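One structure is given here, and the rest of the page talks about it.
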Amino acid sequence: MKTFSDLGISGTFIQALEEMKITIPTEIQEKAIPVLLGKETDFIGQAQTGTGKTAAFGLPILQAINPDKPNVQTLILSPTRELGQQIAKQLFKFTKYIPKKIFIESVYGGANLDEQIRSLRRPTHIVVATPGRLVDLLERKAIDLSFIRTLVLDEADEMLTMGFKKDLDTILTYTAGKRHTWLFSATMPQGIRTIISSYMSPQAIRFEVNRNEIVNRDIEHKFLVCSRLEKPEVLFQFLKSQGIGRGLVFCRTKVEAQNVTKRIIAKKINADALHGDMFQKERDKVMRAFKNGKLQILVATDLAARGIDVKELAFVVHYQLPEKSEYYTHRSGRTGRAGNKGFSLSMVTPREVEGIRAIEKELGIKIKEISR
């Protein structure tokens, strides 16, 4: 079993990792870190949410930063404000014991642009950004990317799903010839393959998880069949069976998410909804309550839930099946994180059983039927 020292990580970072109780590299870390430390290269890593991708790219980045140069040396793109903040926070924790400070800024939409511009005027080595906000900064000439050596696309498939294709094209074209690109994605739809062929080296080093591990193997997948009218009561009985366990309930539409939330609250369970029409302040308030444990259940639509990273979620419920199989990967990946066991339950009507079989086939997993 390899250690982070075996992979080439220096002692000051290992000290911080040990304090965070991170001692054994995950598969993606074991594969990526030696490659990304060893030479300048484009890199493609396929691994689902919760497998330690931030450390896989973050540790090599931090180890390569020259803190004596005040320029932006690495740009990390993430699909959501929440994920960007999480990445920046984790990188900061990794730097706790290094002798010279590495400065990290997180910039994203929904926050004051002028304040972010002022922050970027200070020495900054790493910028973590959402694509839309970065394009805003580039248009205002408020960020200098002429010194970057590495561009990381984290959760690349989610960025495409959220409609950032045009912004990604702008950023990748703007930085062409200046950087190596490291792309991490849970799935590899056609849009991602187009980005790879258009903007990355044909010699890019690739690591793809085993097909059967695209969805975390620590997650147990089940489904039950019920009519649409039976769903609310079936959901309540399931939530009741989970005791104090916390989880996510996924719906396809804002209206359904709001209706399901009202029904759960009526059953005296602390819950709230997260959907795309909410203002950022409302989003932040709900997420804080969920992360702090004040909410037991979060009901979310697919796009609104991008970037959610809450430790020790016991389960995910697919109240409605997702539109695409890759969404199932992202939904289910919110549970069973960091080596914990997870549970994914799909509630389907008789007509939707065929959809479950399609997800099984595409993702190479087994979803077992359970009786009510």
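A few remarks follow.
- Cross-link partners of K69 among lysines, defined as those whose alpha carbon lies under 30 angstrom from its own and excluding same-chain residues fewer than eight positions apart: K31, K39, K53, K89, K93, K96, K100, K101, K141, K178.
- Taking the longest Cα principal axis of the chain as reference, the axis of helix 231-241 is set at about 70 degrees.
- Bridge orientation summary for segment 4-209: considering DSSP beta bridges with both residues in this region, about 0 percent are antiparallel.
- On Cα atoms only, tilt of 27-38 relative to the major axis of the chain in degrees: 10
- Among beta bridges identified by DSSP and lying wholly in the chain, the antiparallel ones come to about 0 percent.
- Burial order of peptide ranges 21-34, 135-148 (average beta-carbon count within 10 Å, highest first): 21-34, 135-148
- Each of the peptides 73-82, 218-227, 233-242 was scored by the mean count of other Cβ atoms within 10 Å over its residues; in descending order, highest first, they stand as 73-82, 218-227, 233-242.
- Value of Rg to Rh for segment 1-103, rounded to two decimals, is 0.93; Kirkwood radius and Rg both from alpha-carbon coordinates.
- Computed log₁₀ I(q)/I(0) - Debye formula, equal Cα scatterers, no solvent, segment 247-372, q 0.09, 0.22 Å⁻¹: -0.24, -1.42
- Calculated on the Cα set of segment 4-209, radius of gyration then Dmax: 15.9, 44 Å.
- Difference of contour (0.36 nm per residue) and Cα-Cα distance, K366 to R351: 3.5 nm
- For the chain, the Stokes-Einstein estimate of translational diffusion at 10 °C and a viscosity of 1.306 mPa s comes to 74 µm²/s, using the Kirkwood hydrodynamic radius over alpha-carbon pairs.
Every number in this text was worked out from the coordinates using simple rules, so none of it is lab data. The structure presented is a predicted model; accordingly, all values stated were derived computationally and were not measured. We place every Cβ from the backbone using ideal geometry, glycine too, and count neighbours over all the protein chains shown.
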